[in-house]
Amino acid sequence: MLRLPCEFAGSSYDGETGPSFSDLRQSILTNGGIIHPIIVNKDAAGQLVVIEGNTRTLIYREFDRLRQKGTWDTIPALLYENMGAETIESIRLQAHLVGARPWDPYSKAKYLDYLRNIQHLTFAQIIDFCGGNRREVENYIQAYQDMEGYYRPLLDSDQDFDHTRFSAFVELQAGRITDALLSHDYTKADFAKWVHDRRLHPLNTVRHIPRILQNARSHEVFLKEGAQEAMRVLDVPSVGVPLAEATLEQLARALCRRITSLEYGDMLRLRGETGSEEKDVLFDAKDAIVGLCEDIASSSNT
């Protein structure tokens with residue numbers, strides 16, 4: 001344990017208003033301290049300098065100054081002596097550019113489910129520990145339960161379990177997705193089988209289920225060949241429709257299709273151009289679309 005204060009080094013602290021700082025602050029307060037020690041160098045003059053952990057040290061100082069309940073005048077630390085500049089930069093690079101491997105979304109959801117349904121923590125306590133918001137936590141827990149309850153039983157063995165398909169079950173939590181399933185007499189078990197059989201591939205096609213099921217032809221193609229082929233049916237442009245007479249839906253689909261197929265070189269060209277009419281029109285279109293979407297969202301809430 002290192003008694004505060006000590007000097008800071010490295011990148012300067014850049015404010016306390018960001019969500020990551022708030023989450024870290026609340027987590028430290030809830031846990032009564034930090035889990036990973038800060039790293040401190042004692043130089044030739046005997047001065048203690050924080051090499052890694054400036055923000056955590058600042059939070060401890062703040063809690064100590066505010067006389068927050070707990071022990072905040074000392075902080076867990078790994079203490080080194082007379083580290084050279086190369087070693088110091090190596091530690092910073094490892095901490096900030098490589099860092100600890102984060103949990104994948106499925107593992108995070110499994111832990112949230114454990115906290116809620118095994119440890120019986122309240123949602124407020126879980127958010128204090130892990131950050132985020134209640135809706136996100138609820139969706140992750142339900143997605144985990146859906147994947148375990150409907151997807152895992154389809155597998156021949158646990159070795160076949162593919163946690164990367166978890167995102168499909170997160171998308172399933174959107175009300176419009178579940179409503180689309182119910183309105184066409186499908187269940188979560190059907191959805192899990194689509195995921196297992198790769199009818200929903202890539203997984204971001206889940207969000208298009210309402211459109212796919214609504215259209216008789218795309219619905220039929222989806223059940224036989226999957227979502228990607230079904231989307232091609234939906235995206236077939238109407239033949240012979242002049243641009244001025246195209247519907248908003250046709251124009252929006254055409255624009256989305258063109259943007260997603262844009263070559264990387266074209267994007268770099270647009271980025272580098274100044275005074276480009278094409279670039280100006282794209283930003284005009286963006287403003288018009290955002291304004292319309294805001295008006296639609298506003299009117300739907302009144």
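Before moving on, here are some points about what is shown:
- Estimated from helices alone, the mean residue ellipticity of the chain at 222 nm is -16500 deg cm²/dmol (sum of -39500 (n - 2.57) over DSSP H runs with n ≥ 4, per residue).
- Taking the Cα centre of segment 243-300 as origin and assigning +1 to Lys and Arg Cβ atoms and -1 to Asp and Glu Cβ atoms, the resulting dipole is close to 280 debye.
- Cross-link pairs LYS42/LYS69; LYS110/LYS188; LYS193/LYS224; LYS69/LYS110 - those with Cα-Cα distance over 24 Å: LYS42/LYS69; LYS69/LYS110
- For ILE28, ILE296, the sequence from fewest to most other C-beta atoms within 10 Å is ILE296, ILE28.
- Across the chain, C-alpha contacts under 8 Å between residues 6 or more apart give a mean separation that, scaled by the residue count, equals a relative contact order of 11 percent.
- Antiparallel DSSP beta bridges within the chain, percent to nearest 5: 45
- If you run the Gaussian network model on the chain, springs between alpha carbon atoms under 10 Å, then out of MET267, MET83, MET231 the most flexible one is MET267.
- For the options ASP156, ASP179, ASP284, a Gaussian network treatment of the chain with springs between C-alpha atoms closer than 10 Å singles out ASP284 as fluctuating the most.
- Computed over the chain with a Gaussian network model linking Cα atoms closer than 10 Å, the most mobile of ASP197, ASP43, ASP266 is ASP266.
Any read-out appearing in this document is the output of simple, stated calculations on the displayed coordinates, not a laboratory observation. Since the model is a prediction, treat every value here as computed from it, not as a measurement. Note that we place each Cβ from the backbone using ideal geometry, even for glycine, and neighbour counts take in every protein chain shown.
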